[in-house]
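The values are calculated or read from the model by the stated rules, or taken from the named source; none is laboratory data. Quick caveat, the model's predicted, so the values are computed rather than measured. Using ideal geometry, Cβ is built from the backbone for each residue, glycine included, and neighbour counts are taken over all protein chains shown.
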Amino acid sequence: MNVLDVRRLSTAYQNKVVLDSLSFSVRKGTLTGIIGPNGAGKSTMLKTLLGLQPKLQGEVEFFGKKLETEKKRIGYVPQRGAVDWDFPTNVLDVVMMGLYGQIGWLRIPGKQHRQKAMEALDKVAMTDYATRQISQLSGGQQQRVFLARALVQQADLYFMDEPFAGVDAKTEQTIMSVLHELKEQGHTVLVVHHDLQTVPRYFDQVLLMNKKLIAHGPTEKVFTTDYLSKTYGGAIQWLEGGFNGRHPVKQ
Amino acid sequence: MADILLSSNFQWVFVSAVMLGMAAGMMGTMSNLRKQGLMSDAISHAALPGVMIAFLMTGEKDLMFLIIGAGLSGLIAACLIQGIHQSTRIKEDAAMGIVLSVFFGGGIMLLTIANQVGQGKQSGLDGFIFGQAASMIRSDAMIMGVLAIIVMLVIVFRFKEWKVVLFDPNHAKMMGIPVKFYESFYTFLLVVTIVIGIQAVGVILMAALLIIPSVSARYWTHSLLIMFVLSAVFGGISGGLGTLISAFGEGLPTGPFIVVSSSVIFLVSLFLGSKNGLWIQRMKLSKYKSLKSSHDVKED
Amino acid sequence: MSYTGWILLTASLVGISCGIIGVLLILRRMAMMADAISHTVLLGIVIAFMISESLQGTGMLIGAMLAGLLTTWIVQWFQSKGLQSDAAIGVVFTTLFSIGVILIATSVGNVHLDVNHALMGEISFVPWNLIDVPLVGEVPLAVVLLVTVTALVLMVILLFYKEWKITTFDPALAASFGIPVLVMHYLFMSMVSITTVAAFDAVGAIMVVAMLITPAASANLWTDRLWLMFVLSASFGMGSSILGYVIAIWLNTSISGSMAFATGLIFLFSYVFAPRYGRIAVLKKKRETI
């Protein structure tokens, strides 16, 4: 069953086309890495799919229906840098924000919401920090808070924008085990990802893009030298059996 | 009416206003590229207490002293904004708002005091708020014009350096350009441009003369050089036109007319600009759309 | 109530209402937008005056609100067309403000308004402009206006407290929930506009910016709790209003100017001494970690 169908999606910023006619479908229970160079339009694609940015052309369907009716089934984890971590609030409060969509207007979060938030914090090993001000967290801790906030939503489909960027090893492991657990439980997850080295270990599906869709499918079929050099403009330095460094260098 | 236009005093004021507009247009191109459009707004508001202190200390309305006072308080304001922003969690826009309004408040306090102790000499100080180009005397106009020309020359003669420093400070460092020096010098030039304009345009609207022409120029070109030229031309036209209109009426403020002139240029550029204008944008995108849909037909 | 009593009450109400709205303003990074609106509200007032030929409360409030919404809408539209936000703000407010000043200065608008009054405010006139309020008696119009606006602002903020929080902290997430982020943006800007116009009489267009931004920024240095920031900001606003009045009487100078100046004094104090993010506290923390 497809949870996401995208047909000929295009987006423009002023008169520059940043997404050029993307078409793909995502099956239920998959864990997909979205890979492409800087400026390939990965974050833009997430935002366009979620209706946060206007599209120029194309159709997007979630669970075979329009976005508007399915919003509650979709979770979104923006880039960590997209918010102001000086905002006066604490960890538990941020996690509870994940429930605001369900709580509804004119209602105050209650005990059961607090309970859910604490459970989510437990999954990312952050219970000790529940009352900590968010300005005092490290980068990895911030990312785990964001992940907990996504978990409380109990969404069927998750979009995550670079959750692994600049985090410590422990956080990376925590995030990975949470993602695999989500997948086991039948949730579908799409992750914008930068580190090519870890791709085969992390994802069972890969979507390669650079404004256009380059390839999409099972990791072992798509994550190949051919497709990668197409994605990155054919100028990646290779070493035998792997990459030279964690990030591919465009020359 | 023709009398006014023919008077040599007015001609001096007019020419100086054009020079001012051109200098502001060029300076504004730089501050817009650095995304510091509103910084100039903060600096110009913050110049008011400097003007008043200079007046209260000298007891005279000597433009040179007033400009120095304005310049000093503008510079202090610019440093304070940077300092507050860098040393606390307060964001830059709030830091600008704080400095702008507190300095302006201080300026108004001093203006009120000046009005009580000035014994008539202070009359015309109010003009610094909205600008009163028509009431400028020839020597004031000359100071304004000459300083504006100096600002332009400094920009033109070091154009290459400015270009690199603006676009790619790291690259500039590698080329051996003293980036720190140029950045401080930029702030200095910005303050000079603002303070020479405040008597003609007023502290409240001076920022517009920096922001609007350069934003308009952006719609006609992708080249930095042409952008500087166009922005200067737009600024010059606005400065001249606004001064001209305000000279027709008794005691009409100059600033608002300069701003409205430049806004008209902006609107024309926004819609019809040959490089980035809305009309061109729409044409390009609809071309893309029709291209894609004809493509689809072939595929099917 | 005595003359001074009314003035102090008016000033305190300005401080409280601006202090409250200011917290969201600086957290949403809209400080310069407030600066813009405080200028363009002048145009709204001029046009309201041209239509109704009076400077009574409701007409002015509506005019100001429309001007604020218009400003917000144009800035938003320019931004969507690729203009940088500060350039968009700069273009819009200077232009609309200029049109307002031109309407006043020429006979085109036939408006007999005092620009200086609108810009600087004249709180000393406030106690003379009385209206009859049932049960309470004669009350200055400005006070009635300010109480109404403060109550309205408080109500809107409290009712949608969690929505304000999430649209401010993470608008993208809020939008993905289906919370109408843009509608809330416009609602917020309308609140900024009516607060501005209610404070107009007392402190004028430009000094209102000081009242909106500086107390909230000071409060931001004292606490990491949102609700406490609201409380502190309102108290700082009230404090600087009163302090400003005292300074103005002492130096015999502009009351609104002194109030703006007093917000600066409170900010300076917070900058140095605030226990959490003040200079001394930060330096101490640095030394401890070394």
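Considering segment C:217-234, and only residues there that are surrounded by fewer than 24 Cβ atoms within 10 Å (Cβ to Cβ) and not aliphatic (A, V, I, L, M), the residue that is nearest to the other protein chains (Cβ to nearest Cβ) turns out to be C:ASP224.
Let me confirm something: among A:SER25, A:SER21, A:SER43, which residue is of a type outside the set (Val, Ile, Thr), surrounded by fewer than 22 Cβ atoms within 10 Å (Cβ to Cβ) and farther than 19 Å from A:PHE203 by Cα? Break it down into steps so the answer makes sense when it comes.
On the way: A:SER25 fails: farther than 19 Å from A:PHE203 by Cα; A:SER43 fails: farther than 19 Å from A:PHE203 by Cα.
Of A:SER25, A:SER21, A:SER43, the one residue that is of a type outside the set (Val, Ile, Thr), surrounded by fewer than 22 Cβ atoms within 10 Å (Cβ to Cβ) and farther than 19 Å from A:PHE203 by Cα is A:SER21.
Suppose the filter is surrounded by 23 or more Cβ atoms within 10 Å (Cβ to Cβ), over 21 Å from C:LEU119 (Cβ atoms) and modelled with pLDDT of 90 or more; does C:THR94 pass it? For C:THR94, the condition - surrounded by 23 or more Cβ atoms within 10 Å (Cβ to Cβ), over 21 Å from C:LEU119 (Cβ atoms) and modelled with pLDDT of 90 or more - is not met.
The residue that is surrounded by the fewest Cβ atoms within 10 Å (Cβ to Cβ), counting only those in segment B:251-270 that are more than 16 Å from C:SER98 (Cα to Cα) and more than 10 Å from chain C (Cβ to nearest Cβ), is B:VAL268. Taken over segment B:216-237, the criterion of being in a helix (DSSP H, G or I) and in contact with a Leu (Cβ under 7 Å, 6 or more places away or on another chain) is satisfied by B:ALA217, B:GLY235.
Scanning segment C:248-264 turns up no residue that is crowded, with 16+ Cβ neighbours inside 10 Å and either in contact with a strand residue (DSSP E or B) (Cβ under 8 Å, 6 or more places away or on another chain) or of a type in the set (Lys, Arg) (or both).
Screening the candidates A:SER25, A:SER43, A:SER10, A:SER21 for the property of being more than 9 Å from every other protein chain (Cβ to nearest Cβ), in a strand (DSSP E or B) and of a type outside the set (Lys, Arg) yields one hit, A:SER25.
Considering only residues that are β-branched (Val, Ile, Thr) and under 13 Å from the mean Cα position of the chain (by Cα), which ones fall in segment A:31-50? Hits for segment A:31-50 are A:THR32, A:ILE34, A:ILE35, A:THR44.
Would you confirm whether any residue within segment C:121-135 is assigned to a loop (DSSP other than H, G, I, E, B), in contact (Cβ under 8 Å) with a residue 24 or more places away in the chain and within 24 Å of A:VAL95 (Cα to Cα)? No, the conditions are met nowhere in segment C:121-135. Checked against the criterion of being touching a residue at least 40 places away in the same chain (Cβ under 8 Å), surrounded by fewer than 20 Cβ atoms within 10 Å (Cβ to Cβ) and of a type outside the set (Lys, Arg), the candidates B:THR221, B:THR193 yield just one match: B:THR221.
Got at least one residue in segment C:59-73 being in contact (Cβ under 8 Å) with a residue 12 or more places away in the chain and more than 18 Å from the chain's Cα centre (by Cα)? Before the answer, list the steps.
Within segment C:59-73, the subset in contact (Cβ under 8 Å) with a residue 12 or more places away in the chain is C:60-73.
Checking the rest, the ones that are also more than 18 Å from the chain's Cα centre (by Cα) come to C:73.
Looking through segment C:59-73, at least one residue is in contact (Cβ under 8 Å) with a residue 12 or more places away in the chain and more than 18 Å from the chain's Cα centre (by Cα).
Inspect all residues belonging to segment B:186-198 and state whether any of them is more than 29 Å from A:SER21 (Cα to Cα), part of a helix (DSSP H, G or I), within 11 Å of chain C (Cβ to nearest Cβ) and of a type outside the set (A, V, I, L, M, F, W, C). Checked against the condition, which is being more than 29 Å from A:SER21 (Cα to Cα), part of a helix (DSSP H, G or I), within 11 Å of chain C (Cβ to nearest Cβ) and of a type outside the set (A, V, I, L, M, F, W, C), segment B:186-198 yields no hits at all.
In segment B:202-215, which residue that is β-branched (Val, Ile, Thr) and part of a helix (DSSP H, G or I) is surrounded by the most Cβ atoms within 10 Å (Cβ to Cβ)? Explain how you work it out, then say what you get.
Here is the first cut: in segment B:202-215, the residues β-branched (Val, Ile, Thr) are B:203-204, B:211-212, B:215.
Keeping just the survivors that are part of a helix (DSSP H, G or I) gives B:211-212, B:215.
Working: B:ILE211: 30, B:ILE212: 33, B:VAL215: 27.
Out of the qualifying residues, it is B:ILE212.
Note on segment A:100-116: among residues that are within 17 Å of C:PRO180 (Cβ to Cβ), part of a helix (DSSP H, G or I) and not aliphatic (A, V, I, L, M), the one that is farthest from the other protein chains (Cβ to nearest Cβ) is A:GLN102.
Yes/no per residue for (1) surrounded by fewer than 23 Cβ atoms within 10 Å (Cβ to Cβ); (2) part of a loop (DSSP other than H, G, I, E, B); (3) touching a Phe, Trp or Tyr at 6+ places or on another chain (Cβ under 9 Å):
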{"position": "B:ASN9", "(1), (2), (3)": "yes, no, no"}
{"position": "B:HIS45", "(1), (2), (3)": "no, no, yes"}
{"position": "B:GLN82", "(1), (2), (3)": "yes, no, no"}
{"position": "B:MET96", "(1), (2), (3)": "no, no, no"}
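From C:GLY59, C:GLY5, C:GLY22, which residue is crowded, with 24+ Cβ neighbours inside 10 Å and either within 12 Å of another protein chain (Cβ to nearest Cβ) or of a type outside the set (A, V, I, L, M, F, W, C) (or both)? Just a single option satisfies the conditions, and that option is C:GLY22.
Looking across segment C:151-160, the residues that are surrounded by 15 or more Cβ atoms within 10 Å (Cβ to Cβ) and either without any contact (Cβ under 8 Å) to a residue 24 or more places away in the chain or over 19 Å from C:ASP224 (Cα atoms) (or both) come down to C:LEU152, C:VAL153, C:LEU154, C:VAL156, C:PHE160. The set of residues in segment A:117-162 that are charged (D, E, K, R) and not in a strand (DSSP E or B) comprises A:GLU119, A:ASP122, A:LYS123, A:ASP128, A:ARG132, A:ARG144, A:ARG149, A:ASP156, A:GLU162.
Sort out which residues of segment B:55-77 are in a helix (DSSP H, G or I) and touching a residue at least 40 places away in the same chain (Cβ under 8 Å), and write them in order of number. Reasoning before the result, please.
Of the residues in segment B:55-77, the ones in a helix (DSSP H, G or I) are B:55-58, B:63-77.
Answer for segment B:55-77, where residues must be in a helix (DSSP H, G or I) and touching a residue at least 40 places away in the same chain (Cβ under 8 Å): B:PHE55, B:LEU56, B:LEU63, B:MET64, B:LEU66, B:ILE67, B:ALA70, B:GLY71, B:GLY74, B:LEU75.
Determine which member of the set A:LEU121, A:LEU157 is at pLDDT 95 or above, at negative phi and more than 13 Å from every other protein chain (Cβ to nearest Cβ). Even if it seems obvious, please write down each step before you answer.
Numbers: A:LEU157 fails: more than 13 Å from every other protein chain (Cβ to nearest Cβ).
Unique residue meeting the criteria: A:LEU121.
Selection of segment C:140-178 for residues being aliphatic (A, V, I, L, M), facing another protein chain (nearest Cβ under 7 Å), closer than 16 Å to A:LYS47 by Cα and in contact with a helix residue (DSSP H, G or I) (Cβ under 6 Å, 6 or more places away or on another chain) yields only C:ALA175.
Restricting segment A:9-18 to residues that are surrounded by fewer than 17 Cβ atoms within 10 Å (Cβ to Cβ) and of a type outside the set (Phe, Trp, Tyr) leaves a set whose member that is modelled with the highest pLDDT is A:LYS16. Once segment C:42-56 is narrowed to residues that are surrounded by 24 or more Cβ atoms within 10 Å (Cβ to Cβ) and within 14 Å of chain B (Cβ to nearest Cβ), the residue that is modelled with the lowest pLDDT is C:LEU42.
Taking the numbered list (1) of a type in the set (Ser, Thr, Tyr); (2) surrounded by 24 or more Cβ atoms within 10 Å (Cβ to Cβ); (3) in contact with a Pro (Cβ under 8 Å, 6 or more places away or on another chain) in turn, C:THR214 passes all entries but (3).
Total residues in segment C:170-186 satisfying the condition of being surrounded by fewer than 20 Cβ atoms within 10 Å (Cβ to Cβ) and assigned to a loop (DSSP other than H, G, I, E, B): the figure is 2.
Within segment B:243-292, being more than 23 Å from B:VAL215 (Cα to Cα) and not in a helix (DSSP H, G or I) holds for B:GLY249, B:GLU250, B:GLY251, B:LEU252, B:PRO253.
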